[in-house]
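One structure below.
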Amino acid sequence: MQTDTRFARRADWIWRARGLSQPGFANTAPPAEGEANRFVYFRRTFDLIEVPASAQVWASADGRYQLIVNGHRVGRGPARSNPAWQCVDPYDIAPYLKPGQNVIAALAHSYGRNTAWYELPQWEAARAFGCGGFFLQGDAGDIRLDTGPVWRHLVSEAWQQNTPSGSLGYVEIYDARRAPTDWADPQFDDSGWQPAEALRAPGRNTNAVITPFSVMVPRAIPALREAIAQPVRIVAIGETLGGRAEPDVAAQLARERLEPLREGQVVGAESLLSEDGAAVFRADAEHALSIVLDFGRIVTGHIHFELDGPAGATADFVCDERLQEDGRVRLGEGIPGFDIRLAHRYTLREGAQTWERFEWSGFRYLQVTFRNLSAPLRARAIAVNTCGYPVEARGAFECSDPLLNRLWQAGADTLRPSMQDAYLDCPSREQRQWVGDGYVETLINYVAFGDARLAAQYLRHTAQSQRQNGLTTAVAPGDFGAWSFFNIPDFCLHWILAIEQYVLYTGRTDILDELFPSVIKALAWFERHLNPEELLTDVPHWVMIDWAELDKAGQVTALNAHFVAALRAAAGMAARVGAPREAARLSRLAERITDAINLLLWDDARGVYADARNGGRLSRRISQQTNAAVFAFGVAPAERRGAALSHVLSEHRLVLTRALDKDRQPEVAFDEEDDVVLAQPFYMHFLHRAMAQAGLHTAILDNLRRRWAPMLAEGGTFWESWALIPITSMCHAFSATPTFDLTTETLGVTPLQPGFARFRVAPQPADLGWARGVVPSPHGDIRVGWVRAGDGLTLTLDIPNGTTAEVLTPAGLRWTDIDGQAVNTRAVSADAGRHQFTAMPETKEHP
């Protein structure tokens, strides 16, 4: 596939000296595990007579890095990427330069394993070098700063290397006594450091030389925004026996119970909630002191300490979304088999010091336990250096129901922490970019923030994950994709629909030329699983649909409906890229599958679509997910809608089936003849689309109130599932559909042509008295406000330049006045500017 822009590489990649520059290709490859959890410092000094107006450099790492110029950290990176399209980050370092001696420095970390965001390099470079590397290219005036042997390096001994690891990286055990002080300052003496080794080795056959990452791509998204945030509340302060630090941080913290202060003392703890003063911790040799802090919401960032204490004192810390019943912070275990209990340790050197954890975390609560307090320890800050994708709150929604206002905002607040260097499923448990999640997340972004760049990167990441057989991976990039041990086919279909929505919401049709070949290759994988009845049958891998127990044996109705939607979306893309024959073929195939679904997967006796058909027999299991899919994706005929939706929306039939962690959830009795599987928060997005098509707008609002409101009391973000069990993420962006629903249905704003060149405003008051809001568009913000006036409705609309609006009345009303001009119509077209519309009830004379 094509990519954004190729980067013209000039510099060498470098790493610690291992003597790998001379051996030939046939030699035994250095194992990646040898560089597992390794930190390396790099420096390059240079003199300037005068500071240039601009000094552009590009940086990357095989892992992650921090870039520092004259003691100032100027950035972190790289943005996550597939190693076949290695990301390189741009910086202008001129503001940090000065006349005289300068230094550009970096701290680089190699993983030695795949993580939620990182994939090990492959092919010849991996055989030659294993993993680990840092790259910088650029100039300061006439001085070339490129990485190479002129750079010096030191392998860090401050981080313990042999620590446990999981999907979220490694336990960080850091000893400040073993770190070089002020190593990134110009005056630091690095004469004892060794020259870095250029990662360049002789090739074989036609390859002249082997170097890492033959294709590097300029970063497509802005740098993450950082800011220090203090906690807002002290949950608990206590002491415990355990004044000495044990090797296993997590085990020691798990065993300890907080007791009221008796032998220890904490003075001025409230100062940690502001930027003033310091808390002082005193304890004897037998006791440790713990403080539990609440940041008031789920935050994302690097845990930040500003401490002054005795050498050898330790700060053990753990963070999580939840507290245990006894007030300690939970030691979350993540996904069994992939994750570990992440508990970290910082050991102080003598005196004042500032330190941040290298990796970022997502959490609400932070527990810090101080040990080895041979003298008082002063804490000026126990905070978080927050990080996140830099978006502004362009979208807005407000209505006569305060609860719905809170739900709209909670959805935006759920998405924001999951917008980092990718669209994440959640900021705490996983930090993976799940492809299916990205479909809903990008839609919420369009109405809340209006950003296009992170969405475009998500679409490209997915295309870059495509396997030879055409299927894209469920996670891209990251460990679950790299390992190829499972896949989710329906997520590939979500990706195709996400491309269609990206074009509609952003207007950037050029991405179709790039991604359309990958779309066709992906659809071909599904076509190979059509049986003679024209239905996807016995599709391999994990057909997920939703976090619920649908029947997925044989011909899965929801998957087939999803495939129809993807075929229609691809047909539209084909027309736009000038492939009319392919557009016609895809459309014909979509119609044949539609006919087969309606003929073979409809249960006429019960008036609903069955979950599946296997061996010629319809499943007895009925779900909201299946019936949502066939109507939301325009597969089922309208005349079946009323009976089917009435059946699956009957509250007394709905059953919450087990899904996420079956071993930790009680068995659920399910009556196959009468019960209906309840949609989880993710698939409610599609159920609401089906309900909107049926005009069930009051029912949508009732569903939002009933099912999402209880989550507000637990932190103000939306959970992964309705049941809050130990594995459940409490901030899961694919659950944030209320934000999209209220903007799209209640305000009624949807794009009809790419980039909102033409858009529809079709307000749905339901049981509300008024609503107003803002919808971002590439042409400017669309402002909408409507209010009931007796039996009628008044609407005010600001239409941006370069766009046209199609304005529809709610059912039972007609426009009678537009900008002071009498009319009598249900639909009207309006050009740019501010307009006011008045609607009154239809009459017999004017139905």
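What to note about this one:
- Where residue 696 falls short, out of the listed (1) in contact with an Asp or Glu (Cβ under 8 Å, 6 or more places away or on another chain); (2) among the aliphatic types (A, V, I, L, M); (3) at pLDDT 95 or above; (4) more than 18 Å from residue 444 (Cβ to Cβ): (1)
- Filter result for the condition that a residue is on the phi < 0 side of the Ramachandran plot and open to solvent by less than 40 Å² (accessible area, probe 1.4 Å), over 202, 195, 218: 218
- Where helices (runs of 4 or more DSSP H) fall entirely within segment 471-565, those with at least 3 residues that are among the aliphatic types (A, V, I, L, M) are at 489-506, 511-527.
- Among all positions in segment 107-119, there is no residue which is surrounded by fewer than 19 Cβ atoms within 10 Å (Cβ to Cβ), in contact (Cβ under 8 Å) with a residue 24 or more places away in the chain, in a loop (DSSP other than H, G, I, E, B) and over 22 Å from the mean Cα position of the chain (by Cα).
- Screening segment 73-102 for residues that are among the β-branched types (Val, Ile, Thr) and crowded, with 20+ Cβ neighbours inside 10 Å and picking the one that is nearest to residue 337 (Cα to Cα) gives 88.
- Applying the condition of being open to solvent by less than 60 Å² (accessible area, probe 1.4 Å) and within 32 Å of the chain's Cα centre (by Cα) to segment 777-797 and asking which residue is farthest from residue 763 (Cα to Cα) yields 780.
- Of the listed requirements (1) under 29 Å from residue 165 (Cα atoms); (2) of a type in the set (Val, Ile, Thr); (3) loosely packed, with under 14 Cβ neighbours inside 10 Å, residue 232 misses just one: (1).
- Looking only at segment 248-280, and only at residues there that are within 27 Å of residue 164 (Cβ to Cβ) and touching a residue at least 40 places away in the same chain (Cβ under 8 Å), the one that is most open to solvent (accessible area, probe 1.4 Å): 257
- Residue count for segment 142-159 under the criterion of being open to solvent by less than 50 Å² (accessible area, probe 1.4 Å) and assigned to a loop (DSSP other than H, G, I, E, B): the result is 7.
- Only one of the listed residues (528, 576, 617) is without any contact (Cβ under 8 Å) to a residue 24 or more places away in the chain, within 30 Å of residue 509 (Cα to Cα) and either touching a strand residue (DSSP E or B) at 6+ places or on another chain (Cβ under 6 Å) or not aromatic (Phe, Trp, Tyr) (or both). That residue is 528.
- Yes/no for residue 768 being of a type outside the set (Ser, Thr, Tyr), out of contact with any Pro (no Cβ under 6 Å at 6 or more places or on another chain), free of Cβ contacts under 8 Å to residues at least 12 places away in the same chain and outside any helix (DSSP H, G or I): no
- Failed criterion for residue 239 (all others in (1) open to solvent by 40 Å² or more (accessible area, probe 1.4 Å); (2) among the acidic types (Asp, Glu); (3) in a strand (DSSP E or B) hold): (1)
- Criterion violated by residue 531 - all others in (1) of a type in the set (S, T, N, Q); (2) in contact with a helix residue (DSSP H, G or I) (Cβ under 9 Å, 6 or more places away or on another chain); (3) open to solvent by 20 Å² or more (accessible area, probe 1.4 Å) satisfied: (2)
- Among the residues of segment 811-818, not a single one is surrounded by 18 or more Cβ atoms within 10 Å (Cβ to Cβ), in a loop (DSSP other than H, G, I, E, B) and either β-branched (Val, Ile, Thr) or in contact with a strand residue (DSSP E or B) (Cβ under 6 Å, 6 or more places away or on another chain) (or both).
- Among the residues of segment 176-192, the one identified as surrounded by 17 or more Cβ atoms within 10 Å (Cβ to Cβ) and over 30 Å from residue 313 (Cβ atoms) is 186.
- If only residues of segment 566-609 that are among the charged types (D, E, K, R) and outside any helix (DSSP H, G or I) are counted, the one that is most open to solvent (accessible area, probe 1.4 Å) is 604.
- Restricting attention to segment 382-413, the residues being of a type in the set (Gly, Ala, Ser), over 21 Å from the mean Cα position of the chain (by Cα) and surrounded by fewer than 20 Cβ atoms within 10 Å (Cβ to Cβ) number 1.
- For segment 31-51, taking the residues that are of a type in the set (A, V, I, L, M, F, W, C) and closer than 28 Å to residue 139 by Cα, the one that is surrounded by the fewest Cβ atoms within 10 Å (Cβ to Cβ) is identified as 49.
- Residues of segment 301-346 satisfying the condition of being assigned to a strand (DSSP E or B), open to solvent by less than 30 Å² (accessible area, probe 1.4 Å) and not hydrophobic (A, V, I, L, M, F, W, C): 301, 302, 304, 309, 314, 316, 320, 344, 345, 346
- Index of the failed condition, residue 437 passing every other in (1) within 19 Å of residue 299 (Cβ to Cβ); (2) open to solvent by less than 10 Å² (accessible area, probe 1.4 Å); (3) of a type in the set (Asp, Glu): (1)
- For residue 751, the criteria (1) open to solvent by 30 Å² or more (accessible area, probe 1.4 Å); (2) of a type outside the set (Lys, Arg); (3) under 25 Å from the mean Cα position of the chain (by Cα); (4) more than 30 Å from residue 298 (Cα to Cα) hold in every case but one, which is (1).
- Against the test of being out of contact with any Leu (no Cβ under 9 Å at 6 or more places or on another chain) and among the aliphatic types (A, V, I, L, M), the options 452, 422, 448, 410 yield a single qualifying residue, 452.
- Candidates 441, 398: the one that is farther than 30 Å from residue 465 by Cβ and of a type in the set (Asp, Glu) is 398.
The values are calculated or read from the model by the stated rules, or taken from the named source; none is laboratory data. If you're wondering where the values come from, they're calculated on a predicted model, not measured in any experiment. Heads up, the Cβs are rebuilt from the backbone with ideal geometry, glycines too, and the neighbour counts pull from every protein chain shown. What goes into the accessible areas is simple: the full protein's heavy atoms, side chains included, and nothing from ligands, DNA or RNA. Shrake-Rupley method; radii C 1.70, N 1.55, O 1.52, S 1.80 Å.
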